[in-house]
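The values are calculated or read from the model by the stated rules, or taken from the named source; none is laboratory data. Computed from a predicted structure; not experimentally measured. Cβ: placed from backbone, ideal geometry, glycine included. Neighbour counts: every protein chain shown.
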Amino acid sequence: MVYFNDRLFRYLFIASAILVSLIIVSIIWFVGNQGLATFRQTSIVEFFTSSVWNPSNGKFGALTFITGSIASTIIAILIGGPLGLAGAVFLAKIAPNRVRRVMRPATDLFAGIPSVVYGYVGITVIVDIIRKTSKSPTGFGLLASSIVLAIMILPTVISITEDTLRSLPDTYEEASLALGATRWQTIWRVLVPAATPGIMTALILAMARAIGETMAVQMVIGNSSRFPESLVSPTSTLTSNIVMEMGNTPFGSTWNNALFMMSLILLLISLILIILVRVAARRGAVR
C-alpha cells in the first residue's frame with residue numbers, strides 16, 4: 001500500500017509539472033505567434049527604432065515604450081537598491097531584536113499592498129511634490145513612476161538581502177572583529193561582499209517586479225506616446241500602453257498584434273532576468 005501511494009504521488013507530481021510546463025509554453029507560443037504577426041505589416045527596424053506611435057496612420061514605433069520601461073526600472077533600482085540594502089543591513093546586523101520583530105513583518109506587509117494604492121499615493125503626494133518643485137506643469141513622468149516603483153521594490157530587496165546576510169556563517173564576522181576591524185568595516189568590507197550573490201538576486205528580482213508593474217505606473221507616468229525629453233515629461237511604458245489600448249483594438253489587427261509584441265518583449269525580458277537570478281544563485285552556491 002505504501003509503495004502504491006509513493007508511485008501515485010510521484011506520477012501526480014510529474015503530471016502537475018508537465019501541465020504547468022504546457023501552460024507556460026502555450027502562453028509563450030500564443031503571445032509570440034500574435035506578436036510576430038506584427039511584422040507582416042510593419043518592419044522590425046521601424047518597430048524597435050521609431051518613436052512614432054500612430055496606429056491610425058499605420059505607424060507602430062515602440063521605442064518610446066521600450067525606453068520608458070527600461071529607464072523607469074533603472075532609475076527605480078538606483079533609488080530603491082541602496083535604500084533596500086541599508087534597510088537590510090540595519091535589520092540583520094544593527095537593529096535590536098524587539099525592533100526586528102516589528103519591522104520585518106511590517107516590511108513584508110508592504111509587498112501585499114495593492115498596486116493601485118501605491119499609484120493613488122503617487123498621484124496625491126509624489127506627483128504633487130514634483131509639480132511644485134520642478135518646471136513640469138503636471139508632475140507626471142519618469143521621475144514619479146520611478147519613485148513609486150522604488151518604494152514598491154523595497155520589500156523584495158530588504159527581505160532577500162536580510163535573509164542572505166543572516167545566513168552568512170558567524171565565523172566571517174568573528175574573524176573580522178578578531179583581526180581588529182570595527183563593526184562598520186566588518187559589515188561593509190566583509191559581510192556585504194560575501195552576500196553579493198544574494199544581493200544581486202534581490203536586485204534582479206526587484207527589476208523583474210518593476211518592469212512588469214502596470215497599474216501604479218499607468219497612474220503616474222502620464223501615458224503619452226511621446227519620447228521622454230526629461231524625467232518630468234509625460235511618457236509611457238510597455239505595460240501602461242498595453243493596458244490603455246488593448247481593450248480598444250480588434251483582435252488580429254496590426255495594432256492588436258503590436259501590443260502582443262510588446263507583451264512578448266516583456267516575457268523575454270522576464271526570462272532573461274530569471275536566467276540571471278539562476279546564475280547569481282549558482283555563483284553563490286559555489287562560494
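Structure above, values below:
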read-out: Pairs with Cβ under 6 Å, 6+ apart, first in the range 110-122 and under 14 Å from Ser146 (Cα atoms), second of a type in the set (S, T, N, Q) and crowded, with 16+ Cβ neighbours inside 10 Å; value: none
read-out: Phe4 being of a type outside the set (S, T, N, Q), modelled with pLDDT under 90 and exposed (fewer than 10 other Cβ atoms within 10 Å of the Cβ); value: yes
read-out: Answer from Val279, Val217, Val243 - the residue that is without any contact (Cβ under 8 Å) to a residue 12 or more places away in the chain, out of contact with any Asp or Glu (no Cβ under 6 Å at 6 or more places or on another chain) and assigned to a helix (DSSP H, G or I); value: Val279
read-out: Residue within the range 35-45 that is within 25 Å of the chain's Cα centre (by Cα) and of a type outside the set (Asp, Glu) present; value: yes
read-out: Complete set of residues in the range 157-174 that are at pLDDT 90 or above and touching a Ser or Thr at 6+ places or on another chain (Cβ under 7 Å); value: Ile158, Ser159, Ile160
read-out: Residue pairs meeting the criteria (Cβ under 8 Å; at least 6 apart or on separate chains; first without any contact (Cβ under 8 Å) to a residue 24 or more places away in the chain, in the range 183-207; second outside any helix (DSSP H, G or I)); value: Arg189/Ala181; Val190/Ala181
read-out: Residue list for the range 45-77, restricted to those being hydrophobic (A, V, I, L, M, F, W, C), in a helix (DSSP H, G or I) and in contact (Cβ under 8 Å) with a residue 40 or more places away in the chain; value: Phe47, Leu63, Phe65, Ile66, Ile70, Ala71, Ile75, Ala76, Ile77
read-out: Residue count, the range 75-110 (criterion: among the aliphatic types (A, V, I, L, M) and closer than 19 Å to Met200 by Cα); value: 12
read-out: All helices (runs of 4 or more DSSP H) inside the range 159-213 with 3 or more residues being over 30 Å from Ile66 (Cβ atoms) and touching a helix residue (DSSP H, G or I) at 6+ places or on another chain (Cβ under 9 Å); value: 170-178, 183-186
read-out: Qualifying positions in the range 121-147 - surrounded by fewer than 20 Cβ atoms within 10 Å (Cβ to Cβ) and more than 15 Å from Val217 (Cβ to Cβ); value: Thr124, Val125, Asp128, Ile129, Arg131, Lys132, Thr133, Ser134, Lys135, Pro137, Thr138
read-out: Number of the exception - Lys135 against (1) modelled with pLDDT under 90; (2) within 26 Å of the chain's Cα centre (by Cα); (3) farther than 30 Å from Leu264 by Cα; value: (2)
read-out: For Ile272: the one exception among (1) surrounded by fewer than 18 Cβ atoms within 10 Å (Cβ to Cβ); (2) in contact (Cβ under 8 Å) with a residue 24 or more places away in the chain; (3) over 17 Å from Thr38 (Cβ atoms); value: (2)
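The rows are residues; the columns are (1) among the aromatic types (Phe, Trp, Tyr); (2) touching a Leu at 6+ places or on another chain (Cβ under 8 Å).
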residue: Thr237; (1), (2): no, no
residue: Asn241; (1), (2): no, yes
residue: Met244; (1), (2): no, no
residue: Trp255; (1), (2): yes, no
residue: Met262; (1), (2): no, yes
residue: Ile265; (1), (2): no, yes
residue: Arg278; (1), (2): no, no
